[in-house]
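Please treat every number below as a calculation from the coordinates, not as lab data. None of these values were measured; they are calculated from a predicted model. Glycine gets a Cβ as well: all are built from the backbone with ideal geometry, and neighbour counts include every protein chain shown.
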Amino acid sequence: MTQRLPGWFFKVTWWVVAPVLLFIMLLFVLIGYQDVTYGSYIYPEWAILMGWAIAVASIIPLPIVAVFVVYKTPGDTLAQKFKNSIQSPLKEKSMEKRKLDIAIYESKEIVVKF
């Protein structure tokens, strides 16, 4: 989007802080779970299961796609596949652009367009 690589704060926030906080929130939800009620009315099991199914339907594609991407990424070992799957394509584009800029500079051709 900005054609620049993210800084260290962005990387730490998205690779460490966000997953840890989401995992902690999930733990607290599961540990402190109580049946859903409205006043004295207790919702039936099928309604509670439907609510959980709707909630999980938006979350479950994330690990499925992550496993699929790691599986399809080139590499010999699982560690290499994982490392290659989380690298940004911007780094490659940035390197290609830098090489092109260097090649243009080294050619010392000046083109004037009117």
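Run the simple label-point estimate for Tyr33 and Val67 please: 7 Å along Cα→C-beta, distance reported in nm.
Spacing of the two 7 Å Cα→Cβ label points: 2.0 nm.
Could you derive backbone 3J(HN,Hα) for region 26-35 from the dihedral phi with the Karplus parameters 6.51, -1.76 and 1.60 (θ = phi - 60°), listing whole Hz in sequence and x where the residue is Gly or Pro?
4, 4, 5, 5, 6, 5, x, 5, 10, 4
Report the calculated FRET efficiency for Lys11 and Asp76 (r = Cβ-Cβ distance, R0 = 25 Å), to the nearest 0.05.
Efficiency, from the Cβ-Cβ distance: 0.45.
Can you compute the FRET efficiency between Ser88 and Ala57 using 1/(1 + (r/R0)^6), with r the Cβ-Cβ distance and R0 = 30 Å? Round to the nearest 0.05.
So the FRET efficiency works out to roughly 0.55.
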